[in-house]
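Scroll down for the structure; my scribbles are underneath it.
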Amino acid sequence: RTVYLNGDYIPEEEAQVSIFDRGFVMGDAVYEVTCVLDGKLTDFEGHMARLERSLRELQITCDISRDEWLAIHRKLLELNGLTLGGVYLQVSRGNAGDRDFHFPPAGTPPTVVLYTQEHPDMLDGPKVTKGVRVISVPDLRWHRRDIKTVQLLWASIAKMTAEQAGKDDAWFVEDGFVTEGSSNNCYIVKGDTIITRPLSNDILHGITRASLLKILAERQMKVEERPFTIEDAQGADEAFYTSASSFVMPIVEVDGVTLGDGMPGPVAQRLREIYIDEAR
Ligand code: PDD
């Protein structure tokens, strides 16, 4: 792969970052993942708006403009011939020169990394056709989940816990309610109503979530933005999750309880089709 590092397009083997980089030492970095479908970037403006907000919230200075971000994304797609997958983007507070809890001096350039990732089975892999089984785990993350930081240790442990239990993914639960999935926003379907947790600092403000809510509003479908419990989900007709790397993904099992007939539900499948059609 040809990757982008601080202004240069170079082979991935040559892309090197300091051992004193704040991203490496302190987890002091933010990221975005933008999906690529038929060689086209999906929800690009939304991802860049969230990136700018994440940077602002953490006071990381990065003066790359939206047009420049777009040019970098397009160049990487072209150099790597990517048509189906995603572009990963990360901005850290930069090389601090040593380990130090204090931020490096103003003017320290951020470390900017982007690379493409191929996801050949994004459209029709086994999760799509069979649906996903989730387990719940307590939400032990920090309380600014609205900022998309690279501090993904608990998400990583949650996914491994699910895998070790023979399942596909984990849902985080806090104060009795589901916050979100380990790397996605979650929804349940009861009758003709789609229920999802409202936005706050407790969850990431998913770009796919925003696009899906727009699709639902345009079609006058019923949406309730309210927290729900594991028991609510187990008693629901359907469940699904959304993220840039999965669009709309049907969920067929929650903590060992099968939803409906154990196959992806009609609402999730229909919304997935609409989402992909609109992205194309
Ligand atoms: N994850 N919630 C969490 C905790 C996430 O990590 C993600 C995205 C989402 C969905 O956001 P969006 O629709 O903007 O992708 C919700 C990305 C895909 C990842 O970490 O790979």
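Every read-out reported here was derived from the displayed coordinates using simple, explicitly stated rules and does not represent laboratory data. Predicted model, so just to flag it, every value in this text is computed and none were measured. Here the Cβ positions follow ideal geometry from the backbone for every residue, glycine too, while neighbour counts run over all protein chains shown.
Relative contact order for the chain: what percent, with Cα pairs under 8 Å and sequence separation of 6 or more?
18 percent
Computed extension gain for Asp237 through Ala106, at 0.36 nm per residue and net of the alpha carbon distance, reaches 41.9 nm.
As a calculated quantity, the FRET efficiency between Lys40 and Met221 at R0 = 25 Å, using C-beta atoms, amounts to about 0.45. The gain in end-to-end length when the Glu57 to Val17 segment is fully stretched comes to 12.0 nm, 0.36 nm per residue minus the alpha carbon separation.
Highest-first packing order for the peptide set 8-21, 50-63 is 50-63, 8-21, based on the mean count of other beta carbon atoms within 10 Å. Output the 0 to 90 degree angle, nearest 10, between the alpha-carbon long axis of helix 207-218 and the longest principal axis computed from the alpha carbons of the chain. That helix lies at roughly 40 degrees to the long axis.
For the listed peptides 174-186, 254-266, 213-225, a ranking on the average number of other beta carbons within 10 Å per residue, highest first, reads 174-186, 254-266, 213-225. Can you give the net charge of the other residues whose Cβ lies under 14 Å from the Cβ of Ile215, counting K and R as +1 and D and E as -1? Overall, the nearby charge balance is +2. Can you work out the PRE-style zone for Thr129? Point 7 Å along Cα to Cβ, and I want the residues of the range 235-256 with backbone N under 19 Å. The answer is 246-253.
In the structure displayed, which of Lys130/Lys222; Lys148/Lys190; Lys75/Lys190 lie more than 32 Å apart, Cα to Cα?
Table pairs above 32 Å Cα-Cα are Lys75/Lys190.
Overall, the range 126-279 carries a charge dipole of about 400 debye about its Cα centre when +1 sits on the Cβ of Lys and Arg and -1 on the Cβ of Asp and Glu, all other atoms neutral. A straight Cα-to-Cα reach below 15 Å connects Lys159 with the aspartates and glutamates Asp139, Asp168, Asp169, Glu180, Asp255, residues fewer than 8 places away in its own chain not being considered. Relative contact order of the range 153-225: what whole-number percent is it, with Cα pairs under 8 angstrom and at least 6 residues apart? 22 percent. Taking a point 7 Å from the Cα of Lys75 along the Cα-to-Cβ direction, the residues of the range 105-123 with backbone N closer than 18 Å to it are 110-117. Computed on the range 126-279, with alpha-carbon pairs under 8 angstrom and 6+ residues apart, the relative contact order is 26 percent. Charging the Cβ of each Asp and Glu at -1 and of each Lys and Arg at +1, and nothing else, the dipole of the chain about its Cα centre rounds to 260 debye. Phi-derived couplings, Karplus 6.51 cos²θ - 1.76 cosθ + 1.60 at θ = phi - 60°, listed residue by residue for the range 24-29: 6, 7, 10, x, 8, 7 Hz, with x used for Gly and Pro. Taking Cα centre as origin and charging only the Cβ of basic (Lys, Arg, +1) and acidic (Asp, Glu, -1) residues, the dipole magnitude of the range 1-151 rounds to 600 debye. Modelled spin labels at Glu118 and Arg270, positioned 7 Å past Cα toward Cβ, are 3.6 nm from each other.
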